[in-house]
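One structure is given here, and the rest of the page talks about it.
The values are calculated or read from the model by the stated rules, or taken from the named source; none is laboratory data. Only a predicted model underlies this, so the values are computations on that prediction, with no experimental measurement involved. No Cβ is skipped: glycine too gets one built from the backbone with ideal geometry, and neighbour counts run over all protein chains shown.
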There are 4 protein chains.
Amino acid sequence: MLNGEKKIKRPLRWAMVGGGRLSQVGYKHRTGALRDNTAFQLVAGAFDIDPIRGKDFGMNIGVAEERCYPDYQTMFLEESRRDDGIEVVTIATPNGTHYEICKAALEADLHVICEKPLFFTSEEVLEIKSLAEEKGKIVGVTYGYSGNQMLLQMRAMIEKGAIGDIRIVELQYTHGFSSTEEADRFSDAQRWRVDPKIAGPSFVLGDLSTHTHYMSQLIMPHMKIKKLLCDRQSFISSRAPLEDNAYVLMHYENGAVGRMWTSSVNAGCMNGHRIRIVGSKASLEWWDSKSSELLYEIQGQPAQTLIRAMPYLDESCLADERLGALHVEGLSDAWANVYLKFAVAIDAKNRGDDKTLNQLVYPDIHAGLEGVPWVEHCVRSADQGGVWIDYQEVPEK
Amino acid sequence: MLNGEKKIKRPLRWAMVGGGRLSQVGYKHRTGALRDNTAFQLVAGAFDIDPIRGKDFGMNIGVAEERCYPDYQTMFLEESRRDDGIEVVTIATPNGTHYEICKAALEADLHVICEKPLFFTSEEVLEIKSLAEEKGKIVGVTYGYSGNQMLLQMRAMIEKGAIGDIRIVELQYTHGFSSTEEADRFSDAQRWRVDPKIAGPSFVLGDLSTHTHYMSQLIMPHMKIKKLLCDRQSFISSRAPLEDNAYVLMHYENGAVGRMWTSSVNAGCMNGHRIRIVGSKASLEWWDSKSSELLYEIQGQPAQTLIRAMPYLDESCLADERLGALHVEGLSDAWANVYLKFAVAIDAKNRGDDKTLNQLVYPDIHAGLEGVPWVEHCVRSADQGGVWIDYQEVPEK
Amino acid sequence: MLNGEKKIKRPLRWAMVGGGRLSQVGYKHRTGALRDNTAFQLVAGAFDIDPIRGKDFGMNIGVAEERCYPDYQTMFLEESRRDDGIEVVTIATPNGTHYEICKAALEADLHVICEKPLFFTSEEVLEIKSLAEEKGKIVGVTYGYSGNQMLLQMRAMIEKGAIGDIRIVELQYTHGFSSTEEADRFSDAQRWRVDPKIAGPSFVLGDLSTHTHYMSQLIMPHMKIKKLLCDRQSFISSRAPLEDNAYVLMHYENGAVGRMWTSSVNAGCMNGHRIRIVGSKASLEWWDSKSSELLYEIQGQPAQTLIRAMPYLDESCLADERLGALHVEGLSDAWANVYLKFAVAIDAKNRGDDKTLNQLVYPDIHAGLEGVPWVEHCVRSADQGGVWIDYQEVPEK
Amino acid sequence: MLNGEKKIKRPLRWAMVGGGRLSQVGYKHRTGALRDNTAFQLVAGAFDIDPIRGKDFGMNIGVAEERCYPDYQTMFLEESRRDDGIEVVTIATPNGTHYEICKAALEADLHVICEKPLFFTSEEVLEIKSLAEEKGKIVGVTYGYSGNQMLLQMRAMIEKGAIGDIRIVELQYTHGFSSTEEADRFSDAQRWRVDPKIAGPSFVLGDLSTHTHYMSQLIMPHMKIKKLLCDRQSFISSRAPLEDNAYVLMHYENGAVGRMWTSSVNAGCMNGHRIRIVGSKASLEWWDSKSSELLYEIQGQPAQTLIRAMPYLDESCLADERLGALHVEGLSDAWANVYLKFAVAIDAKNRGDDKTLNQLVYPDIHAGLEGVPWVEHCVRSADQGGVWIDYQEVPEK
């Protein structure tokens, strides 16, 4: 059980690019990273495309004035000249800038934590992966929900055979906040998401379902996709070619089948982030609006509801427990878990501790190596009319 | 509100073929038909393939000994010679016999009520439809769940624009009772369902999802399928070519998309019969394990739960109400509604009352004309490797 | 599993007093009694205080014109003169008439089935009990919900020690339909319920919570109340002295404690009929809006949801199963179970079969012997200012 | 919407007494206080009764070695000598020590934040209140759940008449973790809770239901109790006279009635913290295991589910929003809200800003002034045999 005591020698000196006052995700990053002040310390930032607003914001959250920078280039340069310069940077900017900032950060010898979807193409991921290896740095991807420990419970139960052989994988990440065209004009944050120049080749596939796809891999690390088919729509036509709804069918190597539904036009839906794994003898089901619970249904037996923090859970799940039974954990706690693992990974990398690195379950560059091509495959299938295409794993050399 | 008072002059003289002691559905038919003793009167039957067991059973439920027949041929012949002979017959036998019994019944000048899936091919449906028209008889299909009045509420709300334009149709009818091969040996009723000679070209597509497909048409009568794609599996390999799991994607004429998931290997699932209709401004969701409720989610507003029998419901929904608010209705009540409509339809047909017939919402031969080809399309798509195929409405001449 | 086959030699000739066109409960009685036409046959009735409306109604539900009587006195007299006269009568009239009609029916040598609350005083119950014994007749009380078989599952599990020693009994039967004074003017059925001359000494205590009190006794037959305290209110002052809300605290002989909340002013509540039994190691919880399920929570283990019709249930529960797993049963099915037991009890009584009678779990005169005094104790406690009073079992001689 | 930007000039210098490595609540305090590093800064502590373990722990969470003190007396003394000494201290020690530490802290001119239940007697609360006033200091009470913003939504809706006049107040805080005697031996934290010398005059009344009682006052500030009755039990007899289960009945000045159920022997219950307020036209219901939702049931209309962060909520509710719609907030976020209000209150107090103080809704010393006497009244009623006693507000001079 976590109680804030340090897991690494001293907190890492951390900065953010983006994530300022108008950002939807910036606060989630800080909430995760700074949960206990024993993993990260926020010492610098280029928080905003508007440097004045960015500096004002940075000072308001406790960053020294001189370390609130107008842009990431300046920050990387100036910080590299300090003895107490930053060691790791989070990139929380619109999708289209992830690649260049990530590259610049690695070249500035920084560990990187980046918002999803990591980049637009597999080639970019492979390039950054090589660069990170060369530099000996970690690249983490902030799949925040993936820090919910009940997913580790699912992973452990599946590994131990609790559901038998996996047959069916039901994935869903949907909401209805983009049901109207007006929604796109509501905020900067929504506007760029439907602009291919900034958002990349997809809207909801990249914005929503990459979370769920990664979580499915976390839960079932041995499952490999063999082929998939994607059918995508732009119900608000001004969003085309970017989709606001997509259906994906998948065949896995082991004979299992799966579906993903991702949508931002599932009108009124407030609990549409769900994972159900059906095995030959039982099923497991999780959804994030009730993420302190896990439904375990053995065919022919009473359905069971497993609850966070209870001693009957797997030790891998309990290891990330913070509040104890009866007390709801939410997205803040999941982000804290993810960021804590980033810190432990960075520390292990710095120390050359491969054993720790290999045991750690968290969204590293491999998550990107699986998420980006998955979206690419989906887009390619959809653009060919919703046909089946063979799944090509990205070669990791 | 229904209270058992007669809707037609006198109860119809009714018989069953099949539905005897070992049948899973026979009792549901009798529960529906005989709910109030003002719509049907059970006077004869060929209840069982074993004539002795059939007669014993028939007498045990109050049928006169001499009207418990060894087979349907004898029954149709003998009853036609009586002044008080049967007027309508229910066919509750395995799928492969529906067509021949239905034809014989119509030729014996009987109205027919038949278990789903009606027949195996569109040609058979068209032939029976012609014959029924020639004979001036009703052919009803027992989609029992479709009698739940909350579906009429959905229909009325959608027609009145409560959800805006339909965009997404999510359909699911799944359970896990066939998760193992042993399940097929459990009972006669399960065994024939996986035998193509008796069950026809599909298992769960015909056995389960035809219910849900019909219900979707009841709810959205104006929605026409443009093309579909079906991916089906036999997780228990001895069931091949019959599927125990299938995914269907659909495109509708109006630009909407939809999915059906049907399965008998969704291990542990006990509430997997669901319908969600997403519109441009709101969604409606129904599931049969909570069929006295309806979820109405308007984007940007609090979610609403509509409850059976409440005055705010549409009059078409309230017209089928029996028990009143606070009191759960279940499958028995849904079957009673369906059978009452059969009785009203038969009576109207006998009287040549087309107005009543045209207003009545119930599963008649047109339900078969849509359900059978839907399964045919699914099987064809699946057998070609899960490809998109254009949807051909069956010409009604 | 019940499938409609006869449980007794031939259906009993049955009549109703009350329960006509304007009655809220009449249809529930017929739905229960006539479910399979093998237990009861409706042959006569004095359905309405308005004889013309009553006759019209009776003929509409299939009763012969000459057996639709203007009042119960005439019915009892005329029927007693027929060879095929009625054998059993249901009393579904306002509370204030139960006693006199029940007495008259027994004196006419009829078995009796009576709406709850049976009578107003324990003395009346004792008198009727003696008369019934003298006449060799059954007096059943229609606690319709009590026919839900999941209550038998609770009974069996508790008896087998599944929850350990009973410590806490949480009972609730509340709704909000009388939240305003206008509600009392809405219908005859509601109006008399708040008139002490017709309703007796209580409104919701007798109208609602007697159901739940009986069900608690069915579930825990060995639990005896030692003392209780009742606090009752008339939020709509015109209802005083009759309460529209009441709280009851109870101490049981074994050291357990309990509460009942009954209310018709629990605004908006549509699922307020609940029972939770807490034991030393686990709890069981049931509520009627989801009466095909049972929640079983063992301290320290995952919560279990038991579902109707599944093979893991107790055989006493499965014996009353009609529809099978996946299919919702509702109030109709519960009433059918209760009425079937009335029929079996009457038949056994007629045959002098005490063994069957003793094994049968159903609401007989003893239910009245416990329900009526329970309300009396509540009213007495409340009228003394909500004080504890010792519970006096009614002496059964 | 909160995003971590500072609400006060600079973070307050903060210390803890207790809350060390073995504490159940210490981490919740730090999680709340240090959420954004703009409200509090943890600079000192006397974390443990074992000074060595306490120092080790303090250093592990980033406190300077020399400011990890062996006991609170030393800390208050030493810190008072520093220019950068602590300004506010949190007391997270067993109940029996709250009073003396609180008094010492105030005498050392510190603001105080104290675990509930504040003290054992009303006299103690009055004395501390006077001392705090004299010293010009804030005394906050950590009712952590009360920071959930949906409670402010309830408060706003009730104030605006959304449910009409309050009639019924249903309160529950129960779990089953103390169902066995073994539970008392499980941990130090549980052991002292059933020892009257340390825990005070009650177990669950003080440990659990004071939370819920305070929350009810936050929601309905105008409701005053007129009389109450408490019935308490020690199902594990070794706990006597301390109760592990209690029922409370309440009458309010306005004619409303209410109940509290608090228990640590509600076996298996994992979602037993609930509040339902019934008004003359609608009800509101909240429970902490689903604290991002609020059920709003208007009699005669569809039930509504309000969801956190949605624009239709009251601005007072939205003001405490951190994560936005679709993202679950849990107990961490509630504690962060409570601690942020403590910071704002302390800052306002320091600046003499009464306007801010008067508008702030948070658990200050008045919460103690209501919670402590409420428990006293309950205990007194219970000890007299569960009788009604008039409620005496504690005079605030």
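Among C:Glu329, C:Glu297, which is under 23 Å from B:Tyr27 (Cα atoms), of a type outside the set (A, V, I, L, M, F, W, C) and either at pLDDT 95 or above or surrounded by fewer than 17 Cβ atoms within 10 Å (Cβ to Cβ) (or both)?
One residue alone meets the criteria, C:Glu329.
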(Q) Checking the condition buried (at least 20 other Cβ atoms within 10 Å of the Cβ), part of a helix (DSSP H, G or I) and of a type in the set (A, V, I, L, M, F, W, C), which residue from D:Leu228, D:Leu208 passes? (A) D:Leu208
(Q) Contact list please: Cβ distance under 6 Å, first residue in segment A:321-333 and within 7 Å of another protein chain (Cβ to nearest Cβ), second residue basic (Lys, Arg), pairs at least six apart or on different chains. (A) A:Asp333/A:Arg322
Q: For residues that are away from every other protein chain (no Cβ under 12 Å) and in contact with a strand residue (DSSP E or B) (Cβ under 9 Å, 6 or more places away or on another chain), scanning just segment A:151-170, find the one that is surrounded by the fewest Cβ atoms within 10 Å (Cβ to Cβ).
A: A:Gly161
Q. Quick check: anything in segment C:179-201 closer than 27 Å to C:Val25 by Cβ and touching a Pro at 6+ places or on another chain (Cβ under 6 Å)?
A. yes
Q) Of all residues in segment B:184-197 being surrounded by fewer than 22 Cβ atoms within 10 Å (Cβ to Cβ) and in contact with a Ser or Thr (Cβ under 8 Å, 6 or more places away or on another chain), which is nearest to the other protein chains (Cβ to nearest Cβ)? A) B:Ala189
**Q.** Enumeration of residues in segment B:21-48 that are part of a loop (DSSP other than H, G, I, E, B) and surrounded by 24 or more Cβ atoms within 10 Å (Cβ to Cβ)
**A.** B:Leu34, B:Arg35, B:Asp36, B:Ala39, B:Phe47, B:Asp48
Q | Every pair of residues 6+ apart whose Cβ atoms lie under 6 Å, when the first sits in segment C:107-131 and is at negative phi and among the aromatic types (Phe, Trp, Tyr) while the second is modelled with pLDDT under 95 and assigned to a loop (DSSP other than H, G, I, E, B) | A | C:Phe120/C:Gly200
**Q.** Of all residues in segment A:234-256 being assigned to a strand (DSSP E or B) and either of a type in the set (Gly, Ala, Ser) or surrounded by fewer than 22 Cβ atoms within 10 Å (Cβ to Cβ) (or both), the one that is nearest to the other protein chains (Cβ to nearest Cβ)
**A.** A:His251
Q: Could you list, in sequence order, all residues of segment B:351-378 that are closer than 19 Å to B:Thr262 by Cα and touching a helix residue (DSSP H, G or I) at 6+ places or on another chain (Cβ under 7 Å)?
A: B:Ala367, B:Gly368, B:Glu370, B:Gly371, B:Val372, B:Pro373, B:Trp374, B:Val375, B:Glu376, B:Cys378
Q | strands (runs of 3 or more DSSP E) wholly inside segment B:61-171 containing at least 1 residues that are touching a Pro at 6+ places or on another chain (Cβ under 8 Å) | A | B:139-141
Q: Could you tell me whether D:Leu42 is in contact (Cβ under 8 Å) with a residue 60 or more places away in the chain and within 25 Å of D:Thr97 (Cβ to Cβ)?
A: no
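Could you tell me how many of the residues in segment D:310-320 are under 14 Å from D:Gly147 (Cβ atoms) and either of a type in the set (A, V, I, L, M) or facing chain A (nearest Cβ under 7 Å) (or both)?
1
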(Q) Just to be sure before I move on: is B:Leu2 part of a loop (DSSP other than H, G, I, E, B), surrounded by fewer than 22 Cβ atoms within 10 Å (Cβ to Cβ) and under 21 Å from the mean Cα position of the chain (by Cα) in the structure I sent? (A) no
Q. In segment C:277-305, how many residues are more than 8 Å from chain D (Cβ to nearest Cβ), touching an Asp or Glu at 6+ places or on another chain (Cβ under 7 Å) and part of a strand (DSSP E or B)?
A. 2
**Q.** Candidate set: segment D:258-290, residues that are under 24 Å from C:Ile277 (Cα atoms) and more than 22 Å from the chain's Cα centre (by Cα); chosen: the one surrounded by the fewest Cβ atoms within 10 Å (Cβ to Cβ)
**A.** D:Gly268
Q | Looking only at segment C:341-378, and only at residues there that are within 22 Å of C:Ile86 (Cα to Cα) and among the hydrophobic types (A, V, I, L, M, F, W, C), the one that is modelled with the lowest pLDDT | A | C:Ile365
Q. So which residues in segment A:257-270 are in a loop (DSSP other than H, G, I, E, B), in contact with a helix residue (DSSP H, G or I) (Cβ under 8 Å, 6 or more places away or on another chain) and not small (Gly, Ala, Ser)?
A. A:Met270
Q) D:Lys197 passes all but one of (1) out of contact with any Lys or Arg (no Cβ under 7 Å at 6 or more places or on another chain); (2) not in a helix (DSSP H, G or I); which number fails? A) (2)
(Q) On the basis of being touching a residue at least 12 places away in the same chain (Cβ under 8 Å), in a loop (DSSP other than H, G, I, E, B) and closer than 19 Å to B:Lys129 by Cα, does B:Pro373 make the cut? (A) no
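Yes or no: C:Arg13 outside any helix (DSSP H, G or I), more than 25 Å from C:Asp353 (Cβ to Cβ) and away from chain B (no Cβ under 13 Å)?
Values: outside any helix (DSSP H, G or I): yes; more than 25 Å from C:Asp353 (Cβ to Cβ): no; away from chain B (no Cβ under 13 Å): yes.
So C:Arg13 fails the test.
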Q) Does segment D:123-143 contain any residue that is within 13 Å of another protein chain (Cβ to nearest Cβ), surrounded by 22 or more Cβ atoms within 10 Å (Cβ to Cβ) and closer than 25 Å to D:Ser263 by Cβ? A) no
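Residue-wise test of (1) modelled with pLDDT of 95 or more; (2) farther than 14 Å from D:Ser234 by Cα.
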position: D:Gly161; (1), (2): yes, yes
position: D:Glu170; (1), (2): yes, yes
position: D:His175; (1), (2): yes, yes
position: D:Glu181; (1), (2): no, no
position: D:Asp184; (1), (2): no, no
position: D:Arg191; (1), (2): no, yes
position: D:Ala199; (1), (2): no, yes
Q) Just a yes or no: is a residue in segment D:299-312 touching a Leu at 6+ places or on another chain (Cβ under 9 Å), in contact (Cβ under 8 Å) with a residue 24 or more places away in the chain and β-branched (Val, Ile, Thr)? A) no
Q: Give just the number: which of (1) free of Cβ contacts under 8 Å to residues at least 60 places away in the same chain; (2) crowded, with 19+ Cβ neighbours inside 10 Å does C:Ala345 not satisfy?
A: (1)
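Residues to consider are D:Ala309, D:Ala334; find the one that is touching a Phe, Trp or Tyr at 6+ places or on another chain (Cβ under 9 Å) and either surrounded by fewer than 16 Cβ atoms within 10 Å (Cβ to Cβ) or of a type in the set (A, V, I, L, M) (or both). Spell out the reasoning first.
Numbers: D:Ala309 fails: touching a Phe, Trp or Tyr at 6+ places or on another chain (Cβ under 9 Å).
Only one candidate qualifies: D:Ala334.
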Q: Scan segment B:379-397 residue by residue and report those that are among the hydrophobic types (A, V, I, L, M, F, W, C), more than 17 Å from B:Glu133 (Cβ to Cβ) and more than 14 Å from every other protein chain (Cβ to nearest Cβ).
A: B:Val379
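Say whether the condition of being farther than 24 Å from B:Asp165 by Cβ and aliphatic (A, V, I, L, M) is met by at least one residue in segment A:172-187.
There is no residue in segment A:172-187 that is farther than 24 Å from B:Asp165 by Cβ and aliphatic (A, V, I, L, M).
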